[in-house]
1. Between T55 and S40, what is 0.36 nm times their sequence separation minus the Cα-Cα distance? Round to one decimal in nm.
2. Starting at the first residue of the stretch 158-168, write each ³J(HN,Hα) from the Karplus equation 6.51 cos²θ - 1.76 cosθ + 1.60 with θ = phi - 60°, in whole Hz, x for Gly and Pro.
3. Return the distance in nm (one decimal) between the two label points of a simple spin-label model at I130 and A159, each offset 7 Å from Cα along Cα→Cβ.
4. Please give the contour-minus-distance gain from E97 to L122: 0.36 nm per residue of separation, less the Cα-Cα distance, rounded to one decimal in nm.
5. Could you work out how far apart the two model spin labels at Y83 and L113 are, taking each label as a point 7 Å from the Cα in the direction of the beta carbon, and quote it in nm?
Amino acid sequence: ADTGSHIGQITMNTNDPFWPERTISVLGQSITRSKTGTYSADEFTDALYHFDEATGTGSADSSGRGVQANFFGGVTWVENGRYGSALSFNGSDSYVEIMQDLFGSSELEEFTLETWFSISSLPTGSATLIWRGLSNTTDLELVINQDRSLMTTIRKPSATFDTLSTGVLPNLEL
């Protein structure tokens, strides 16, 4: 694996009037991961999807909790994923649905959400990568914007929203 010391910064814009911009400094070792292998669940994992089945209309939960993910719209299997097979979305009506509420309530207090994605072209406007809510409310949303920035919106228990934005990401390989 390629390792080396790196220094970097991530600046995020917030909707907090007292702290409108937050900068996180990074100093440490980088490790280039092999394109083989998968992540495994620990005691904090509520659901884990590898999306590597290569066939079918759903994906099994690898966390051991049995939370099935089902595919809708133009979701297709491709062979060039990070760890073998992967899902491809048509950009208009394809999505993965997880019916069980993984957070246990409508209040998003403390959680970690991880995703690996690759895009073939930037969206016109923005494209939703992850969304949680009911038909008329959004509790959590992760979008990629046309300017190569990511933005996350989280609804707090007070029904107000926190929004974090990365700014333009310079290294998206399209």
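Computed from the coordinates by the stated procedures, all read-outs in this text should not be read as laboratory data. Just so we're clear, the structure is a prediction, and the values are computed from it rather than from any experiment. Methodologically, a virtual Cβ is constructed for each residue, glycine included, from the backbone with ideal geometry; neighbour enumeration extends over all protein chains shown.
1. Values: separation 15, 0.36 × 15 = 5.40 nm, distance 2.12 nm.
Stretched out fully, the T55 to S40 stretch lengthens by 3.3 nm.
2. So the Karplus estimates, Gly and Pro as x, are 7, 6, 9, 10, 9, 10, 10, 9, 7, x, 5 Hz.
3. Label at I130, label at A159, 2.6 nm between them.
4. Details: separation 25, 0.36 × 25 = 9.00 nm, distance 2.31 nm.
Length gained between E97 and L122: 6.7 nm.
5. 2.0
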